[in-house]
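Presented below is the structure to which this report refers.
The values are calculated or read from the model by the stated rules, or taken from the named source; none is laboratory data. This one's a predicted model, so the numbers in the text were calculated from it and none came from an experiment. Every residue, glycine as well, gets a Cβ built from its backbone with ideal geometry; the counts of neighbours run over all protein chains shown. The area values use the complete protein model at the heavy-atom level, side chains included, leaving out ligands, DNA and RNA. Shrake-Rupley method; radii C 1.70, N 1.55, O 1.52, S 1.80 Å.
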Amino acid sequence: SAAKLAPVVEESFNVPAGVIHVEAEAFTKKSPVVAVFNCYTGGKQVNFFKSIVTSWVDYAVDVPQTGLYSMDVMIAAANHGQVLDISCGSQKLGTIKIPSTTGLWRRMDAVPIRLEKGLQAIRISAPFQRGIAMRWFELKPK
């Protein structure tokens, strides 16, 4: 029988002042085809499975002031040419282009998005993809 491995505890890290850091598993709602798994480096990861037309995860984010933010996302993907769309309500805010990370965790290039002050429902969605895992995202005021 296969040995059961104990979950790895994720090491804590400091988030710079003014940065909003959101762990992937801290969603408020998700589509049924998105799953949460233990990550081999510790903590949790959200998986957008391959060959699904659209999958999504919603996050409640309290934005301190209206303005432009850069959004960084920690992603692992084994295939080239994938994307995640960022929206708030019916408004598309931006698209994160995802190159192959050969399945290893990598911070994607930051995407500028405009957010309003107050509690916002931010949706991260994956149109038809070939498999993406997400650890966290950060919003930094510009």
> What number goes with the only condition from (1) open to solvent by less than 50 Å² (accessible area, probe 1.4 Å); (2) modelled with pLDDT of 90 or more; (3) under 26 Å from PHE128 (Cβ atoms) that VAL19 does not pass?
Replying inline: (3)
> Restricting attention to the stretch 51-69, which residues are over 15 Å from LYS30 (Cα atoms) and open to solvent by 20 Å² or more (accessible area, probe 1.4 Å)?
Replying inline: SER51, ASP62, PRO64, GLN65, THR66, LEU68
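Could you please find all residues in the stretch 90-111 being open to solvent by 70 Å² or more (accessible area, probe 1.4 Å) and within 19 Å of VAL22 (Cα to Cα)?
Residues of the stretch 90-111 open to solvent by 70 Å² or more (accessible area, probe 1.4 Å): 90-92, 97, 102, 104, 106-107, 109.
Passing the criteria: ARG106, ARG107, ASP109.
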